[in-house]
Amino acid sequence: MKESQVSAAWSPPLDRLDRRHVGEGVPVTNDRTLTLTYDEDAGQIVLEGLPGGPAGEAPLSLAEGIELFFDCADGRLSKVLIEAGEPGQPPTIGEPALAAVASLFGARARAAVQQAPGSDGDPLTITAEPQLVEAMSRLARLDTARLTSPVADSPLWAVEAARLARQAGLATPVDADKRRDGPAHHRRSRSLAMPDVAATKAQRAGESGGPPGWLDPGLIPPGIFRHAWWPDADLTIRTQNDGILVEARLVPGADRRVLARCRARLVDPRNRSVINTAPFVSLGDRRVRAGIRERVPPGSAWVEVVDDVTRPVSSSQLHHIRRAMRWAQTALAAGRQACGLADAQWVRLAADAWARCAEDWSAARDPDRAYLAAVRRAAICPGAATPEEPSAWAKEVAGRPLLVEEPFLAERADC
């Protein structure tokens with residue numbers, strides 16, 4: 001069970017939230033209306049607001065049979081999925097999910113969900129307290145941010161997750177007090193040094209046509225490889241006459257048995273084929289290397305790391321989508337470090353990352369999210385050009401205020 005997942009018994013907290021423990025700054029804004037859609041073929045009821053933006057959505061399991069999704073970039077509740085029994089059968093919704101719907105959206109929403117086939121297309125109004133939804137949003141986004149954080153192994157993620165869960169009235173398996181009482185050298189978050197983006201770019205440029213590569217959190221097991229701030233620095237890739245050397249870093253205490261099943265592989269997205277693979281060997285100092293004995297073919301080959309050699313190769317479009325959201329996470333993390341976007345170096349990193357995010361969304365043939373990434377870059381980099389809005393929903397999302405919040409506990413250099 002993930003740390004943001006909760007038990008089926010949920011009720012909203014009776015006391016007001018302590019806003020000192022929620023991200024300070026511009027608060028999360030929420031759609032006041034969601035639209036109900038009944039998908040009989042999938043056996044699901046969907047409550048949907050505006051689509052997710054350029055950073056994707058963060059899930060939160062509220063109770064058995066109901067999952068909330070929050071936009072990673074602006075924090076709003078964008079979608080609710082409710083299990084409605086077997087596909088093709090009359091809807092059957094569990095009581096925990098119905099109770100959660102009633103608590104968040106009111107009795108009328110519960111009735112509409114119970115009568116899903118006849119409520120298809122009906123608008124439902126949110127009645128939850130903004131601070132409650134804000135705590136849920138930060139909890140969901142914390143879990144997503146941790147996946148690609150350079151300090152993903154910090155125990156402070158669990159501490160903050162438990163605190164937010166309590167404030168949102170969620171049961172959680174995480175015992176924050178026990179985590180906090182660990183050894184002294186684990187109680188403190190590592191200092192998050194500013195990445196040397198210029199050096200990384202120069203290194204990649206000097207690799208004479210080497211294929212790109214990064215650590216996709218959807219392809220690797222958690223708690224093994226260490227991500228870098230800058231996705232291009234996740235892996236060190238060097239081409240040789242007889243192949244490619246791929247180096248990665250491990251988190252402290254990485255399970256070597258899990259690492260043993262991981263492979264670096266060279267893939268061709270054009271025909272979704274694996275060109276060759278190689279296992280990792282230890283170099284000491286928590287570094288590992290894989291030697292792929294294959295010349296890099298001309299074209300669009302890339303390097304990836306997987307935990308299953310039989311995993312199908314993603315299409316080029318899906319690859320760009322995944323990397324676009326990874327760039328967005330970099331931009332959001334840099335924005336949190338800037339603490340109001342007042343630090344020039346972090347602002348520069350955020351602007352560069354949003355620009356790369358927009359490039360990947362364009363390559364994925366998604367003009368709406370490419371536009372939204374460009375808008376976010378322009379918001380922190382005055383004078384940057386933005387394309388014309390491609391759709392009404394993208395224009396509406398672009399008009400929302402930027403979500404400005406403090407870093408997560410694990411990201412704070414002074415914790």
> Which part of region 273-287 falls in the paramagnetic zone of residue 311, meaning amide N under 20 Å from the point 7 Å along Cα-to-beta-carbon?
Replying inline: 273-282, 287
> Any idea how far the Cα center of region 81-146 sits from the one of region 271-325, in Å?
Replying inline: 39
> To the nearest 0.05, how large is the calculated FRET efficiency for residue 388 and residue 281 if R₀ is 51 Å and r is the Cβ-Cβ distance?
Replying inline: 0.50
> Where does each of 224, 244 land when they are ranked from fewest to most other beta-carbon atoms within 10 angstrom?
Replying inline: 224, 244
> Taking 0.36 nm per residue of separation and subtracting the Cα-Cα distance, what length does fully extending residue 295 through residue 125 add?
Replying inline: 55.4 nm
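Where a number appears in this text, it was derived from the coordinates with a stated rule and is not lab data. Worth saying up front: this structure is predicted, and the values here are computed from it rather than measured. Cβ atoms come from the backbone with ideal geometry, glycine included; neighbour counts cover every protein chain shown.
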